[in-house]
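**Q** Can you keep this structure in mind? I'll have questions shortly.
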């Protein structure tokens, strides 16, 4: 029997860890992209 809440927590934890890893790896690149997108005239 599969317990959905356990799977949900494990999946969300994995996603958060992956997101934090990507963010820490490419923080400067992401900030540069966001600033360029925000400051670019539409």
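**Q** Exactly one condition in (1) modelled with pLDDT under 75; (2) in a helix (DSSP H, G or I) is false for residue 2; which is it?
**A** Failed condition: (2).
**Q** Would you check if there is a residue in the stretch 6-24 being exposed (fewer than 10 other Cβ atoms within 10 Å of the Cβ) and at pLDDT below 70?
**A** For the stretch 6-24, residues exposed (fewer than 10 other Cβ atoms within 10 Å of the Cβ) and at pLDDT below 70: present.
The values are calculated or read from the model by the stated rules, or taken from the named source; none is laboratory data. Keep in mind that what you see is a predicted model, and the values were worked out from it rather than measured. Cβ atoms come from the backbone with ideal geometry, glycine included; neighbour counts cover every protein chain shown.
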